[in-house]
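Structure first, then comments.
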Amino acid sequence: MAATIIDGKGVSARLKDKVAAEAARLKQAHGITPGLATVLVGNDPASEVYVRNKNRTAEALGFHSISFHLPADASEGDVLTRVRALNDDPGVHGILVQMPLPSQVREEAVLDTLDPHKDVDALTPTNAGLLLSGHATLVSCTPAGVMLLLKEYGIEISGANALVIGRSLLFGKPAAQLLLAANATVTMAHSRTRDLPDYCRRADILVAAIGKPEFVKGDWVKPGATVIDVGINRVGTGEGEYKIVGDVDYTAASERAGAITPVPGGVGAMTIACLMRNTLIAAASIAGLPAPQI
Ligand code: NAP
């Protein structure tokens, strides 16, 4: 039977509509306009596109949106000064410092300086710790997006064997925590894992965040499993053109999976929507209001 295609674009569009409606309500009832500030250091073309999309989406949802672009040779002190100014700006509720940063700027120093209440990427040690203890207000955007997709498609998580391939701070670790909190039996795999195909074949929920094009093969997928492909890889098509593929061999995997996310149009579509949701939640929480339940 053909796999159900998990439509991240559709789920993300509905989430953005809800965020816009809640933002309008927050403004009307409390005079608060959620504010997102982005900080880009350098001229990485992909980062420029990501940041522009984030600011545009924030504006489209009725948020206050500002962006700061620092030169590639900005010092760590320059970046920290900008972050501190945004920490103190009452019109800014979410601060997003686009990663990766140039080598002279330590990611750790930036995250140690960023106000955890405004850390809408949920990367600071405080927010990572709150997730571990089950008390997080702000949850890392892409893992949160994955959980929403599973919920939206009625995928049973409790008691399921979930395998997360990849252990990054940005995705793998928080994703494993969220699946564990939802009562899955979670296994984490990484580059030193022995016999990865065997772990994959036992997974009811297989989450791939590796960064290697079509690495997970179709016959590694347990029949009926849910496959969540987080990878975004640009590969040449041979005529000077490129296409985006995931970490899973989509065509082969969709013949065995029960449900699968496409790339593009799956997980990737959820990340910006969850960033906007986090900014809305931060705006409410900084004002001492309950987090909007969306
Ligand atoms: P990352 O920091 O580069 O981590 C990659 C992980 O994959 C590491 O934990 C690494 O293991 C593991 N790995 C590498 N080779 C492996 C192998 N042969 N077998 C098993 N595991 C292996 O990557 P990331 O930031 O998590 O991103 C992963 C992918 O997701 C990328 O394609 C990225 O573009 C995409 N992504 C998408 C979104 C989105 O919005 N959709 C968000 C974040 C990331 P070690 O730890 O042992 O090195």
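Taking N as the number of residues in region 13-104, what is its alpha-carbon radius of gyration divided by 2.2 N^0.38 Å? Ratio of Cα Rg to 2.2 N^0.38 Å: 1.18. A cut-off of 5 Å between modelled amide H atoms, ignoring neighbours fewer than 5 places along the same chain, links H64 with G35, L36. Estimated purely from DSSP H runs of n ≥ 4, each contributing -39500 (n - 2.57), the mean residue ellipticity at 222 nm for the chain is -12500 deg cm²/dmol once divided by its residues. For E107 and M1, a Förster radius of 35 Å and the Cβ-Cβ distance give a FRET efficiency of 0.20, rounded to the nearest 0.05. Considering the chain at the alpha-carbon level, its Rg and Dmax are found to be 19.2, 57 Å.
Can you tell me, using C-alpha contacts under 8 Å and at least 6 residues apart, the relative contact order of region 174-261 as a whole percent?
Numbers: 157 pairs, mean separation 24.1, N = 88.
Relative contact order, region 174-261: 27 percent.
Here the contact order of region 137-200, divided by its residue count and restricted to Cα pairs under 8 Å and six or more residues apart, works out to 35 percent. Unpaired Cys in the chain, meaning no second Cys C-beta under 4.7 Å: C200. Does region 230-284 come out rounded, prolate or oblate, given a ≥ b ≥ c as the square roots of the eigenvalues of its C-alpha gyration tensor, rounded meaning a/c under 1.5 and, failing that, prolate meaning a/b above b/c? Oblate. Evaluated at q = 0.14, 0.20, 0.22 Å⁻¹, the base-10 log of the normalised Debye intensity for region 160-236, with identical point scatterers placed on the Cα atoms, takes the values -0.40, -0.82, -0.99.
On full extension, the segment bounded by Y242 and A20 gains 76.5 nm, given 0.36 nm per residue less the C-alpha separation.
Evaluate the relative contact order of the chain (contact order divided by residue number), counting alpha-carbon pairs under 8 angstrom at least 6 apart; express in whole percent. Please report the intermediate quantities before stating the final value.
Details: 603 pairs, mean separation 65.5, N = 294.
For the chain, the relative contact order is 22 percent.
Across region 195-294, Cα-Cα distances exceeding 23 Å account for 41% of all pairs.
Computed from the coordinates by the stated procedures, all read-outs in this text should not be read as laboratory data. This one's a predicted model, so the numbers in the text were calculated from it and none came from an experiment. Neighbour counts are summed over all protein chains in view; Cβ atoms, including those assigned to glycine, are modelled from backbone coordinates with ideal geometry.
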